[in-house]
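What follows is a set of notes on a single structure, which appears directly below.
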Amino acid sequence: IIRDSMQKPEHAQIKRVKEYVQAKFREPISLEDAASIACLSASHFRRVFKKECGESFNQFLTTYRIDASKDFLKNPRYSISDIAYEVGFKDSNYFSTVFRKSQNISPRDYRNNILKS
C-alpha cells in the first residue's frame, strides 16, 4: 500500500513532463529541464522516467519528435530541413540519421511512399 501511494505522485510528475513535451517539443528540452518540471533531481527523474515509461527521457523525446515529423512529411511544401527544425532538431542531417535509424527509411523515401499512396 505504501509503495502504491509513493508511485501515484511520480506518475503525475511524469504525466506533467509528457504534457510539457507535447506542448514544447519544438524547443530545446534537456533532461534537467524535464527533471525540474517533475520537481525531481536529474538522477532520480532519469530512474523514475525509465521505470514508468520503459525508455529513457531522451528516447521518449526523440520518438515524439520523429512521430511529429511524419505529419509534416505528408505535406510536400515543407522541405526536409524545415521539418527537422520544426520538430526540434538543430541539424537536418542529424534528423535524417535519427529518422532512418528509427524508421528504417529516410525521411525523403518515407515522404515519397506516403505521397504515392
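The values are calculated or read from the model by the stated rules, or taken from the named source; none is laboratory data. Worth saying up front: this structure is predicted, and the values here are computed from it rather than measured. Cβ sites come from the backbone with ideal geometry, for glycine too, and all protein chains shown count toward neighbours.
Here are some notes:
- Output for segment 76-98, where each listed residue is closer than 16 Å to F25 by Cβ and among the β-branched types (V, I, T): I83, V87, V98
- Test: residue in segment 26-33 that is touching a Phe, Trp or Tyr at 6+ places or on another chain (Cβ under 8 Å) and assigned to a loop (DSSP other than H, G, I, E, B): yes
- Of the criteria (1) modelled with pLDDT of 95 or more; (2) closer than 15 Å to I14 by Cβ, which one G88 fails: (2)
- Some residue of segment 69-82 being β-branched (V, I, T) and closer than 27 Å to A35 by Cα: no
- Some residue of segment 7-17 being closer than 30 Å to N113 by Cα and in contact (Cβ under 8 Å) with a residue 40 or more places away in the chain: no
- In segment 26-41, the residues that are surrounded by fewer than 16 Cβ atoms within 10 Å (Cβ to Cβ) and of a type outside the set (D, E): R26, P28, S30, S36, C39, S41
Here's the yes/no breakdown for (1) in a helix (DSSP H, G or I); (2) of a type in the set (S, T, Y); (3) buried (at least 18 other Cβ atoms within 10 Å of the Cβ):
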residue: L61; (1), (2), (3): yes, no, yes
residue: N75; (1), (2), (3): no, no, no
residue: Y78; (1), (2), (3): no, yes, no
residue: D82; (1), (2), (3): yes, no, no
residue: N93; (1), (2), (3): yes, no, no
residue: F99; (1), (2), (3): yes, no, yes
residue: Y110; (1), (2), (3): yes, yes, yes
residue: L115; (1), (2), (3): yes, no, no
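Listed here are the residues, each with its yes/no results for (1) under 27 Å from V17 (Cβ atoms); (2) among the small types (G, A, S); (3) touching a residue at least 12 places away in the same chain (Cβ under 8 Å).
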{"residue": "F60", "(1), (2), (3)": "yes, no, yes"}
{"residue": "Y64", "(1), (2), (3)": "yes, no, yes"}
{"residue": "D67", "(1), (2), (3)": "yes, no, no"}
{"residue": "D71", "(1), (2), (3)": "yes, no, no"}
{"residue": "I80", "(1), (2), (3)": "no, no, yes"}
{"residue": "I83", "(1), (2), (3)": "yes, no, yes"}
{"residue": "G88", "(1), (2), (3)": "yes, yes, yes"}
{"residue": "N104", "(1), (2), (3)": "no, no, no"}
